[in-house]
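Notes follow once the structure below has been shown.
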Amino acid sequence: MALSRRSLLQGAGALSLLAGRFAAPALAQPTPAGDLPPILFVHGNGDHAALWLTTLWRMESNGVPRERMAAINFTDPLARTDDKVEQAGRSSTEDQRRELAEAIKDLKQKSGAARIALVGNSRGGNAIRNTIKNGGSGDVSHAVLCGTPNHGVYAWDDGLGNEFNGRGPFLRGLNDGDSEVTSGTAFLTLRSDGLDKYAQADGRFVGKPGTPTNVTSEGPALKGATNLVLGAVDHRETAYHPRAFREIYKFIAGREPSRIEIVPETAVRLSGLVTGTPGGMPTNRPVSGATVDIYHVSAETGERLSGPLHSSQTGADGRWGPAQVDPSWSLEFVLTSPDAVTTHIYRSPFARSSEIVHLRAARPLLPADAGAGAIVLMSRPRGYFGLPRDIVLFDGKEPADVKSGVPTDAVTTLRLAAADIGRPVAAIFNGERIVARAWPASENRIAVAELTY
């Protein structure tokens, strides 16, 4: 989605309106890309490090050395219903603070830098603020919070133990005082102009339609930070969209990036983690004994053009790879994971190398899938499908299970008849097109067209 001059001006206008309420410190002086502080990227609720893939590529394309960046994988990325009550497969704010503090320490040691920059999406911003306020301000030069619900997803008197309740003790503790940021660290907040599903005045996106949330689209802004409105981006795009990259880079470097586009490498090396969803709960715990096979496929038909380019089995650390691929090749990843559906993941060409090509098996077959010959999913991890904002076509049609208005859906499902097994299925999102193949559901297989952009 291109960034228009009008959108930029709207964002600048909104920023000037906020200036009276939220004092904004000046940007740092320009710094050569190689001399930027090391940057640690922090994912959001239920997510993993792989969402920062394109951001890392854009940083590298502007001369930021790969070894001076890292992306954390929280062990259990989902928040608890009540922060103080243990819940299987979920983490507390203290769990995340502890893991983030360790990751900061590791990156400082590896880089030799005295201070680093932190960039977080959604819940990742909560962890960043908590870590800085409770002992980490001396380690962090810059903090960028993208779509973080800094004043809550809602602010209600019930459910006060929830991390995302603006009236609860966690957020009240972070927001206490005349300034809502910690001195000694430069803060930037990035937010949407109305399309963030977690910054809405009506409670319909949190299961209470018609109930005021007592939160507005200004919820992510903080007193004492530089607060910037990006325009019509969704919750995840506040972190992963090219226009978000521009502001992240500019804030840390003190100057505009030299390019927004990703510069391809001549040789690409890929690796990552296989993680699981025990009990349907997404975690970043490694899966042992999973097999990853990679095929070069036709961009037009999804058909395999050769035998496997790579095949490996994960050990106790859950890592697969490395695999050497051509940056012009469309790829099929076949993930065979214990006690999970066999997942055929179709991807656009990888322009650059990455060690965070993390893989999770698709969701299991559901009662709604009964009778279907094949199940194909179209997934957008770094954003949501926005109708009518975006062009979204799945097998030649606009998906019926994607809601219009505020973008809320990142996955759409296509159920095909047995006669369709083996045929190509095109997934189109704006300028990206992926062709998957339909695999037999009777063999406990699901195909996923996973968008990169």
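Which of rounded, prolate, oblate describes segment 169-243, given a ≥ b ≥ c as roots of the alpha-carbon gyration tensor eigenvalues and a/c under 1.5 marking rounded, otherwise prolate only if a/b is larger than b/c? Working shown, then result.
Values: a/c = 2.57, a/b = 1.23, b/c = 2.09.
Cα axes put segment 169-243 in the oblate bin.
Past 26 Å, Cα to Cα: identify those pairs from Lys133/Lys250; Lys110/Lys250; Lys108/Lys223; Lys84/Lys108; Lys108/Lys133, in the order given.
On the way: Lys133/Lys250 24 Å; Lys110/Lys250 24 Å; Lys108/Lys223 28 Å; Lys84/Lys108 30 Å; Lys108/Lys133 18 Å.
Over 26 Å apart, Cα to Cα: Lys108/Lys223; Lys84/Lys108.
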Checklist outcome for this item: Computed over segment 322-453, the distribution of all Cα-Cα distances in 5 Å bins, rounded to whole %, is 2, 10, 20, 22, 20, 15, 8, 2, 0
Checklist entry - If exposed GluC sites (Glu not before Pro) are those in a DSSP loop with at most 15 other Cβ within 10 Å, what is the longest stretch of the chain that has none? => result 87-260
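With a sphere of radius 15 Å drawn around the Cβ of Phe245, what net charge do the other residues whose Cβ falls strictly inside it have (Lys, Arg +1; Asp, Glu -1)? It would help to have the intermediate numbers written out before the result.
Details: positive: Arg58, Arg236, Arg243, Arg246, Lys250, Arg255, Arg259, Arg352, Arg382; negative: Glu60, Glu237, Glu247, Glu256, Glu261.
With Lys, Arg at +1 and Asp, Glu at -1, the net is +4.
Would you mind getting the accessible area per residue of segment 344-447, heavy atoms of the protein chains only, 1.4 Å probe, in Å²? If you can, show how the numbers build up before the last one.
On the way: 4110 Å² over 104 residues.
Spelled out: the 1.4 Å probe surface of segment 344-447, per residue, equals 40 Å².
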Checklist entry - Quick one: helix 242-253 against the long Cα principal axis of the chain, what's the angle to the nearest 10°, folded into 0 to 90? => result 40 degrees
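Hey, any idea what % of the chain's accessible area is carbon plus sulfur with a 1.4 Å probe?
Details: 9400 of 18000 Å².
C and S fraction of accessible area: 52 percent.
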Item to check | Cut-off 14 Å between beta-carbons: net charge of the residues surrounding Ser91, Lys and Arg +1, Asp and Glu -1 | outcome: -3
Next on the checklist: Can you return the lysines within cross-link range of Lys208? Criterion is Cα-Cα under 22 Å, with same-chain partners fewer than 8 residues away left out.
Outcome noted: Lys197, Lys403
Next on the checklist: Heavy atoms only, 1.4 Å probe, whole protein assembly: order Tyr453, Tyr295 by accessible area, highest first.
Outcome noted: Tyr453, Tyr295
Next on the checklist: Compute the helix-to-body angle for 93-111: its Cα long axis versus the longest principal axis of the chain, expressed 0 to 90° and rounded to tens.
Outcome noted: 90 degrees
Checklist entry - Helix 5-19 versus the longest principal axis of the chain: what is the Cα-based angle in degrees, 0 to 90, to the nearest 10? => result 40 degrees
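Tally Lys/Arg at +1 and Asp/Glu at -1 over every other residue whose Cβ is under 13 Å from the Cβ of Thr81; what's the total?
Numbers: positive: Arg80, Lys84, Arg90; negative: Asp82, Asp83, Glu86, Asp158, Glu163.
Result for the local shell: -2.
The values are calculated or read from the model by the stated rules, or taken from the named source; none is laboratory data. Nothing here was measured: the structure is a model prediction, and the numbers come from that model. Counting neighbours? That spans all protein chains shown, and the Cβs are built from the backbone with ideal geometry, glycine included. The protein model used for the area step is the full one, side chains on, heavy atoms only, and it has no ligands, DNA or RNA in it. Shrake-Rupley method; radii C 1.70, N 1.55, O 1.52, S 1.80 Å.
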